[in-house]
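Every number here is computed from the coordinates shown, using simple stated rules; none is lab data. Here the structure is a predicted model, which means the values were calculated and not measured. Here the Cβ is made from the backbone with ideal geometry for all residues, glycine too, and neighbour counts use every protein chain on show.
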Amino acid sequence: MNEKRIMVDMSCTLIHHGHIRLLKKASKMGKVIVALTSDDEIFKRKGYWPELDFNYRKEVLEAVVYVSEVVQSKWLIDDDFVELNRIDALVHGDDNSNTITKCEMVLFPRTKEISSSSLRDKSYDIIKSKL
């Protein structure tokens, strides 16, 4: 029997413990494939370029023990992408906005009080306080 292919879609503009916890949970379900949002998609959606470009974010995620593969993706995952990558389940935090029908959707609660945006804001606040 083949191990299930579990996709976790993320941007990881600033990787943090919430990302790692989600990947760890997903790895208990099968082989984890990260759908990593492209730089252009992040800019279109959020209006800024990620601190690390796609290749560096991919390199970091490939070094995470819970990750088997990293593929480039758009902001939202669709059924064609799920089929192309032979995905059995899509895992996401409970802020999910993907609408898929071709595989199981599994939502986990987000890790409280952490996000890439909150880390970015905290960094800006620290810099401002030093000026």
Do the sum for the chain: with -39,500 (n - 2.57) for every DSSP H run of n ≥ 4, divided by all residues, what is the mean residue ellipticity at 222 nm, to the nearest 500 deg cm²/dmol? -11000 deg cm²/dmol
Charge tally for neighbours of L52 with beta carbon under 11 Å away, counting Lys, Arg as +1 and Asp, Glu as -1, is -2
Fewest-first sequence of R57, R21, R86, R5 by Cβ atoms within 10 Å of each Cβ: R86, R21, R5, R57
The chain pair-distance distribution - Cα-Cα, 10 Å bins, rounded %: 12, 43, 34, 8, 2, 0
Packing-based exposure ordering (other Cβ within 10 Å, fewest first) of V82, V64, V34: V64, V82, V34
D94 to L131: FRET efficiency via 1/(1 + (r/R0)^6), r the Cβ-Cβ distance, R0 25 Å, to the nearest 0.05? 0.10
When a footprinting reagent is the concern and you count Cβ atoms within 10 Å, what order do S123, S11 take, fewest first? S123, S11
For V91, residues with placed amide H under 5 Å, excluding near neighbours: M7, V8, D9, V106
